[in-house]
Amino acid sequence: MATAADDEARLLRLEEQAEHGGGGAWEYLCLARRLRARRPEPVLRLGLALLNDSSARSRLGSEQWTLYEQVAVAAMDCQRVDVAKDCIGVLSKQFPGSMRVGRLEALLFEAKGEWADAERAYALILENNPFDQIVHKRKIAIAKAQGDMALAVEYLNKYLELYKQAAFCYEELILAQPTVPLYHLAYAEVLYTMGGLENLQTARKYYASTIQLTGGKNTRALFGVCLCSAAINQLTKGRNKEEESSELQNLAAEALLKEYKQRAPSKEALVTSLLKNMKLS
């Protein structure tokens, strides 16, 4: 199994190959997208070359729409508003009324510094989906970009309120179906995101119940216990350590290492280092 370093090295090799006419542009663009690599300039050049080649574009089939989106975002990062506008126009024509395209249109307003238009575009999206986390984050970013920290804090509080509502919903689901591990895991992740000592302690409890309900087979829950334990230790500066909690975090760390040793041995050293940085191994 390839490590993150292997993927990064492969990405750079493909980039150099494609930039020098050696082919592999589409493979590079797919890998950049999968890795969420921020490489706007090569993505813009290589992606635009594919889109401008009608035969290459037709061979992509439905994947071409993903490429239009990828190139639009790269173009905005490179201040090529004209290219982004063209790509978004094509997507808007193909997918009228799409919320995903609507977000791109709002991002384009941002790229042009048209804050009021961006705010209106995001408001329209939130009318249809009040829980769109990406849009809420963008509204916070717009307020900060304009130097309005009071508004940014107001938007941030609204964003955090969404998590409180989500937490309540998961509480109700757990009460109705207490043996569904997915609900325990989702509730734990909402609480972990909200932060604060009490939320972290409760999150750790529900990560632990997820582990119990899945027979110790949920990697995300094992990581969750470790992350919560590290955050709690940092907040309390190691004070008031509970023996039971300490044993839980040690067991979770051991289980994680065992899992990676068996299923992804190439990443075992990375996980060991991560746990050491958390002071859990």
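The values are calculated or read from the model by the stated rules, or taken from the named source; none is laboratory data. Just so it is clear, the structure is predicted and the values come from calculations on it, not from any experiment. Please note: Cβ atoms are built from the backbone with ideal geometry, for glycine as well, and neighbour counts cover all protein chains shown. Side chains are part of the model used for accessible areas, which takes the heavy atoms of the whole protein and leaves out ligands, DNA and RNA. Shrake-Rupley method; radii C 1.70, N 1.55, O 1.52, S 1.80 Å.
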Testing L235 on (1) modelled with pLDDT of 85 or more; (2) over 22 Å from G196 (Cα atoms), one condition comes back false. Which one is that?
(2)
Among the residues listed as Y192, Y206, Y170, the single one being under 30 Å from D7 (Cα atoms), aromatic (F, W, Y) and in a helix (DSSP H, G or I):
Y192
I need the full set of residues from the range 174-186 which are open to solvent by less than 70 Å² (accessible area, probe 1.4 Å) and more than 16 Å from T202 (Cα to Cα), in order please.
V180
When you go through A37, A32 one by one, which is the residue that is touching a Lys or Arg at 6+ places or on another chain (Cβ under 7 Å), closer than 22 Å to L107 by Cβ and modelled with pLDDT under 95?
A32
Might you check whether a residue that is basic (K, R), under 30 Å from E119 (Cα atoms) and within 24 Å of the chain's Cα centre (by Cα) occurs anywhere in the range 146-169?
yes
Being within 27 Å of the chain's Cα centre (by Cα) and not in a helix (DSSP H, G or I) is the filter; apply it to the range 21-59 and report the residue that is farthest from D82 (Cα to Cα).
G24
Residue in the range 238-256 that is nearest to K205 (Cα to Cα), counting only those that are modelled with pLDDT of 85 or more, open to solvent by less than 40 Å² (accessible area, probe 1.4 Å) and not polar (S, T, N, Q)
A252
